[in-house]
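Everything below concerns the one structure shown next.
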Amino acid sequence: MRYPFSSRAFLPLAAAACALIAAALAGMPAHAGSPERHAIDNADCYGCHGDSSLTMTGPSGETRSLYVDEQKHAASIHGQNRCTSCHADIVEVPHPEGFTPRPVACSNCHRLESEIYLASDHGRAVHKGVSEAASCKDCHGATHDLLNSRDPDSPVNRRNLPRTCGRCHADVAEMRKYNLRQSNPIVSYETSVHGIALLQKGALNSATCNDCHGSHDLHRSTNETSKLYWRTVPATCGKCHENVQRTYALSVHGKAVARGVRDAPVCTDCHGEHSIASASAPSSRVSAANVPGTCAQCHAATRIITQYGLPPDTMSSYTQSFHGLALQGGNPTAADCASCHGAHDILPSSDPQSKVNPARLPQTCGRCHPGIGNRLGAEFFRVHAPAGRHAENPWLVNLVTLLYIIVIVVTIGGMALFVTLDYVKKARDHTRAVNADPFAETRLTPWLRHQHTILMVLFIGLVYTGFVHRYPEAFFSWPFKAFSGGSEARALLHRIFGWSFTVLFVVHVAALLGTPGGRQYARALWFGRVDFKDAVGVVAYNLGLRQDRPPARRWNYAEKAEYWALVWGSAVMTITGIMLVFSEALVRMWPKIVQDLAKVFHFYEAVLATLAIAVWHAYWTVFDPHEYPMNPAWLIGKKAGHAARHAAGPPEAPALPGPETETATEPDAEPVVSSPE
């Protein structure tokens, strides 16, 4: 039998017929011969579920409310649907005895969104039984109160998304439990350029959580399907910043990312993630002051420089250049990296389109230096040229630098030698004069002078080797960096000096407390009420508030203060030094904070002692006009007797010039305690 039309034309007609038959069958009663069942209206459901006291017992014994607010449901996005559209297993009202409704699945209507969600990090976590993972209603709101995302009250309205996501992601303890990289990204976002625009200025087109992370398709940034996967970041940001993305794609960084170079920077590497700030904000990573540091993350990283063959001193030469120094000095108009290389359109200098191509340098530099023209000769011009001799500098600049270094060394070295010889001669003459002066005061015995010399050598050695350890890159540390094993040599010297200092201190304290002469000197050097009175009197005299200085005393308040500060500092340095030498045993016995405190005490006590010697001791023994060029007591045991020289005759007890203390009779026994000269 032949049909008047082809089988291909028959298919649409057959499909339409099937659809009509299915519609007719759907309208038939559920059971042939039975009366037509009445459709359940929403009013039938509200008859019971409109009662706010209606509850049921859940599978875990908890009480669940079955109340549905009719007005809220009617205003919701599902308000025009029948209750049975979701609760399809409800076939009669009231429900039969023992009836338990089936859970409602959003996927019944939202199949595509559900499939995407189930493949996301949230969906997989829910599937694994992680109760804290976000489900549909956690984000969209209560089941019967769902609002359209355009509704200002909807939890997924653009303006409300940060707060909705923050219900979980602002919980620092919860985020730490699941090893999420950022503990509180919501706070960072709220202060970012995007967050300020959205939350404070009401700019609904500003980026919010789902613009960058996605909505139902959320994934970690390590997932290749994530919108925040490193290769995808430019496209994600490009949804709003389309022109920037196109420019970036043509840059050296964009091309590297396209080739799969993981180390090439993408948007978030330079601008940040949740804390993106406006380029004009001082806190921005791409502000003029911060751009060099941002670029240095790669261009000063040894691994990246070595792996990709980048110039090794790009950042160091820039920071030492005129522009770099000006920027560090707080000049916001000084050229930074982006000023010359560009921001999103960075190209290698060999590219004719590059802003730092030799042919385009006059134009680039001319933006800040109008009229510079072609005076940028390749032979005598380097962009990053630092001050001083450097491989980046032209040979002529390096030659002049070398000549100046020679002139400085010869000139200043000659000056230093000249003044040293002059000072030595004056000090020698002064020492001889004091030694022959009948008014000179005896201050130190040979035994005390030996102690002072040993103490001086050990103190200088400890200070130097200790500060070299703390500041290995400082200029004064170069001797230990100049040869292999310098660090071990420094450590050995520091310990030799330290143990020698400890022995000297212990012997000194034993003599101070264990001999009659030592105890007598300890009492003579101890503070009295007159010391405070003299100190105040000297200050008043120096300010012109009184006519005469306090009287001269055997040991003045300045000497007493310095001596007991030496004793205290020596005790602190000895105890903490021993603790640091035996740090492993210390950690086994006590908490690590004890070791940390020992480091703090040891370092800052050393700083305090060094500054006290440089400021206090140096003045009273050298720079005090009465003592210059120096107090020679540490060499010959005597000092000039200025006060006695003006008296009618030699005083019974030697007196000291300047700020002094209570007169004391010198003990018969040989002193064992050193005092500041």
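Annotation: lysines with alpha-carbon distance below 27 angstrom to residue 201 (same-chain offsets under eight excluded): 227, 239. Relative to the Cα centre, the charge distribution of the chain, modelled as +1 at Lys and Arg Cβ and -1 at Asp and Glu Cβ, gives a dipole magnitude of about 1640 debye.
With the convex hull drawn around the C-alpha atoms of segment 417-479, the volume per residue stands at 124 Å³.
Percent of Cα-Cα pairs more than 20 Å apart in segment 42-104, please. The share of Cα pairs beyond 20 Å in segment 42-104 comes to 28 percent. With the charge dipole of the chain set up from +1 on Lys and Arg Cβ and -1 on Asp and Glu Cβ about the Cα centre, the Cα lying farthest toward the positive end among the listed residues 394, 354, 96 is that of 394. What separates the Cα centres of segment 216-258 and segment 301-331 is a distance of 27 Å.
Placing unit charges on each Cβ (+1 for Lys and Arg, -1 for Asp and Glu) gives the chain a dipole about its Cα centre, and among 468, 317, 587 the Cα reaching farthest toward its positive end belongs to 317. Each Lys and Arg Cβ is given +1 and each Asp and Glu Cβ -1; about its Cα centre, segment 428-563 then shows a dipole of about 260 debye. Partners of residue 533 within straight-line reach, counting aspartates and glutamates whose Cα lies under 20 Å from its Cα and excluding those fewer than 8 residues away in the same chain: 548, 559, 562, 660, 662.
Counting each pair of different Cα atoms once, what's the Kirkwood radius of segment 251-291 in Å, rounded to one decimal? Intermediate values should be presented prior to the final figure.
Details: mean 1/r = 0.0903 Å⁻¹.
Final number for the Kirkwood radius of segment 251-291 is 11.1 Å.
Based on C-alpha pairs under 8 angstrom that are at least 6 apart in sequence, the chain has a relative contact order of 8 percent.
Panel note: the C-alpha atoms of the chain, placed on their principal axes, show extents of 150, 75, 52 Å (largest first). For a straight C-alpha distance cut-off of 23 angstrom, the lysines reachable from residue 638 (same-chain residues fewer than eight places away being disregarded) are 425, 426, 560.
Mind listing which trypsin sites (Lys or Arg not before Pro) in segment 485-563 are in a DSSP loop and have 15 or fewer other Cβ atoms within 10 Å? Walk me through the numbers before you get to the answer.
Numbers: sites: 490, 495, 519, 523, 529, 533, 546, 553, 554, 560; in loops: 546, 553, 554.
Counting only loop positions with at most 15 other Cβ atoms within 10 Å, the trypsin sites (Lys or Arg not before Pro) in segment 485-563 are 546.
Protection proxy ranking of 118-125, 408-415, by the mean of other Cβ atoms within 10 Å over each peptide's residues and highest first, is 118-125, 408-415.
Readers should treat all values here as calculations from the given coordinates under stated rules, not as data from a laboratory. Bear in mind that the values here come from a model prediction, so they are computed numbers and not experimental data. Cβ atoms come from the backbone with ideal geometry, glycine included; neighbour counts cover every protein chain shown.
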